[in-house]
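*Asks:* A single structure is presented below for examination.
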Amino acid sequence: MIKDVLVPEKIGNYYLFAKRIVGFHVDTSEVTATQVYLKGSTATVENVFKESIGADQALSREEKVAQVVKSILNRVGKYDAVYTAMPSSQIIFKSLLLPFLNYEKIKMVVGYEVEPLLPFALDEAMIDFIITKQFPKQGNSEVLVAAVQKSALAEHISFFEQVGVHPQKIGVDFFEFYGLYATIAQNKKMKETIGIVNIGLGSTHVALVQNSQLKSVRVLPKGMNDFIAVVSKSSNISLEDARNAISTFGLTKEQDQAYHSHLVDALKMFWSSIQFTLGSFAAQGEVLEVKKFLLSGSGSNIPGLDEFIVKQAGGTCDFFQVTPLFADGKIKIKKNVGLHADHVMSLGVALPSEVTNKFNLLPSHMSEEKEVSLLTKQVLFAGLFFISVIVALLLHSSFQMRKLHSEIQESQDEVVAILKERFDLPRDLANFDMIVEEAVSEVTKEERALSLFSAQSHFLKYLLELHALDTEGLGLQVKRVVITKDTMTLDAKVKDFKSVSKFEKELRKSKLFKYAGSVQKTDFTMKIPLAKKR
């Protein structure tokens, strides 16, 4: 779910998550498959498979192909996606020149443009296209459109749905082959006009490539099996013997004149069909002159076939090689994996290609189901993510509150201990609020006492000044002292009149008192003015 919902599967050609793909190619009499592992910017060919379609007359073709598909997938084991390709024999190819460079704009109009060219109604078809060339200055694009009837597409899909498999991509076999061809760096630089002849068991693809651009594709209903049937009938040998002879000796067994002549006759008829097809390309103004042929497919393995073609058509003839695919290290192959010409189509289906990365004939309702499924996953994930965030916040908040309460309780216990130690509080008092209230009350009392002391503290100075007198020599006995803002009233007694005089003298020396006049008695009440500046 994370791969589908949170982040894309890949960015450009870089796969963020590893993906194992099984690409299928269903031929007339056999099914081939290639298992590819995609990780980062590299692709690894892990395995190849080939199984013949059974000849059990009690089963339909769909059931027999489904059995083979199931058998191959059981051998594959774990995989992430299944890709397949429609046979080109069921496809209508049309080339268009459209005044757009943008892929999405082309996709919007291609159906209307190709509809008049189809032998069936547009609503009965599934169509898609590949861009074969673009002209930025003119703002044009050449596209090759592939159209298939929905009934044929449904039959092909049934091969997989019968075993509970839903392909994620449905391509066209020769488009996938061309994508493989275009992946090879040296082919991108080809300026020659090349005729590609892919000889399968029951059909043959004839394609024209000019300046590395795929121009046209035709499918001939002839293949390796036709050569075998002709040789078997003409030489009066079994099909199996004819197959073994052609695969082993091909055109090199000239000493067997009957066999050799029959095979040559079959190949001449076959090649005349190829030349007729190329001639039809020329009639459309698409062919300059084909002087180079590229052979592929299981039928290309016939010994001596390349020399035969050179004699018939002139020019040169080469075989399509997959070895250059592994030159730059972006595509790898596991050891002991025997990759042969039979597997080229399924290899093209499984490997990613810039040519066909957007091509998909998957029916719209299946695409919509996939989109709805993805949307459902996204909605569910968004809901789960939102709930997870809320739960996480609640848990975090609860944890923080518990932590805070714990710290508050510790602080309260510490405060209570300090307050009980500082103030004379009842030891059995446990309630925090009551303890604080009692402590506040004690503090208030102390503050009141301190405030009174602070307000009257200057009175002590006058008392200390009296105390500083020679009280013992004077025999001074103070009965009462009343200090106001401006005066100090002293009710006192000295031992004799001489002491009275001495007392008055010492008062005059003080800077805190003013002269208050003489005292006539040894027992007296005296009002002494206070000095203004203290």
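*Asks:* Is there any pair with a first residue in segment 82-100 that is in the same structural domain as Q134 (by TED's automatic domain parsing) and on the phi > 0 side of the Ramachandran plot and a second that is of a type in the set (S, T, Y) and surrounded by fewer than 18 Cβ atoms within 10 Å (Cβ to Cβ) whose Cβ atoms are under 6 Å apart and which are 6 or more apart or on different chains, and what are they?
*Replies:* Between residues of segment 82-100 that are in the same structural domain as Q134 (by TED's automatic domain parsing) and on the phi > 0 side of the Ramachandran plot and residues that are of a type in the set (S, T, Y) and surrounded by fewer than 18 Cβ atoms within 10 Å (Cβ to Cβ), there is no close pair.
*Asks:* Please specify each residue of segment 101-114 satisfying the condition of being within 34 Å of the chain's Cα centre (by Cα) and either outside the structural domain of I199 (by TED's automatic domain parsing) or not charged (D, E, K, R) (or both).
*Replies:* L101, N102, Y103, I106, M108, V109, V110, G111
*Asks:* Sort out which residues of segment 194-214 are under 15 Å from S280 (Cα atoms) and at pLDDT below 90, and write them in order of number.
*Replies:* Listed by number, the list is empty, since nothing qualifies.
*Asks:* Does V110 qualify as being surrounded by 13 or more Cβ atoms within 10 Å (Cβ to Cβ) and closer than 30 Å to K19 by Cα? First the steps, then the outcome.
*Replies:* Working: surrounded by 13 or more Cβ atoms within 10 Å (Cβ to Cβ): yes; closer than 30 Å to K19 by Cα: no.
Against the criterion (surrounded by 13 or more Cβ atoms within 10 Å (Cβ to Cβ) and closer than 30 Å to K19 by Cα), V110 does not qualify.
*Asks:* Can you give me the number of residues within segment 160-211 that are within 20 Å of S88 (Cα to Cα), outside any helix (DSSP H, G or I) and of a type in the set (S, T, Y)?
*Replies:* 2
*Asks:* Every residue in segment 306-356 that is among the basic types (K, R) and in contact with a helix residue (DSSP H, G or I) (Cβ under 7 Å, 6 or more places away or on another chain), please.
*Replies:* K332
*Asks:* Here's a follow-up. For segment 482-521, how many residues are of a type in the set (V, I, T), outside any loop (DSSP other than H, G, I, E, B) and surrounded by 15 or more Cβ atoms within 10 Å (Cβ to Cβ)? Show your work before the answer.
*Replies:* Initial filter on segment 482-521 (of a type in the set (V, I, T)): 482-484, 487, 489, 494, 500, 519.
Within this subset, residues satisfying the condition of being outside any loop (DSSP other than H, G, I, E, B) are 482-483, 487, 489, 500.
Of the ones still in play, those that are also surrounded by 15 or more Cβ atoms within 10 Å (Cβ to Cβ) are 483, 487, 500.
Number satisfying all stated conditions: 3.
Residue-wise test of (1) outside any helix (DSSP H, G or I); (2) assigned by TED's automatic domain parsing to the domain that holds G315; (3) under 16 Å from I194 (Cα atoms).
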site: I228; (1), (2), (3): no, yes, no
site: R243; (1), (2), (3): no, yes, no
site: T252; (1), (2), (3): yes, yes, no
site: H260; (1), (2), (3): no, yes, no
site: A266; (1), (2), (3): no, yes, no
site: M269; (1), (2), (3): no, yes, no
site: V290; (1), (2), (3): yes, yes, yes
site: L295; (1), (2), (3): yes, yes, yes
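*Asks:* Tell me, which residue of segment 419-438 that is closer than 14 Å to Q409 by Cα and not in a helix (DSSP H, G or I) is modelled with the lowest pLDDT?
*Replies:* Looking at residues that are closer than 14 Å to Q409 by Cα and not in a helix (DSSP H, G or I), I get A430.
*Asks:* Ok, one more. Return the residues of segment 306-363 that are basic (K, R), in contact (Cβ under 8 Å) with a residue 12 or more places away in the chain and outside any loop (DSSP other than H, G, I, E, B); say none if nothing qualifies.
*Replies:* Residue satisfying the conditions is K332 alone.
*Asks:* Assess whether T252 counts as being among the polar types (S, T, N, Q) and either touching a His at 6+ places or on another chain (Cβ under 8 Å) or surrounded by 19 or more Cβ atoms within 10 Å (Cβ to Cβ) (or both).
*Replies:* Working: among the polar types (S, T, N, Q): yes; either touching a His at 6+ places or on another chain (Cβ under 8 Å) or surrounded by 19 or more Cβ atoms within 10 Å (Cβ to Cβ) (or both): no.
So T252 does not fit the description; no.
*Asks:* Under 8 Å by Cβ, and 6 or more places apart or on different chains, what pairs join a residue from segment 14-25 that is buried (at least 18 other Cβ atoms within 10 Å of the Cβ) with one that is among the basic types (K, R) and part of a strand (DSSP E or B)?
*Replies:* Within 8 Å, the pairs are Y15/K39; K19/K39.
*Asks:* Before we move on, is D123 out of contact with any Pro (no Cβ under 9 Å at 6 or more places or on another chain), surrounded by fewer than 16 Cβ atoms within 10 Å (Cβ to Cβ) and either part of a helix (DSSP H, G or I) or touching a residue at least 60 places away in the same chain (Cβ under 8 Å) (or both)?
*Replies:* Yes: the conditions hold for D123.
The values are calculated or read from the model by the stated rules, or taken from the named source; none is laboratory data. Here the structure is a predicted model, which means the values were calculated and not measured. Heads up, the Cβs are rebuilt from the backbone with ideal geometry, glycines too, and the neighbour counts pull from every protein chain shown.
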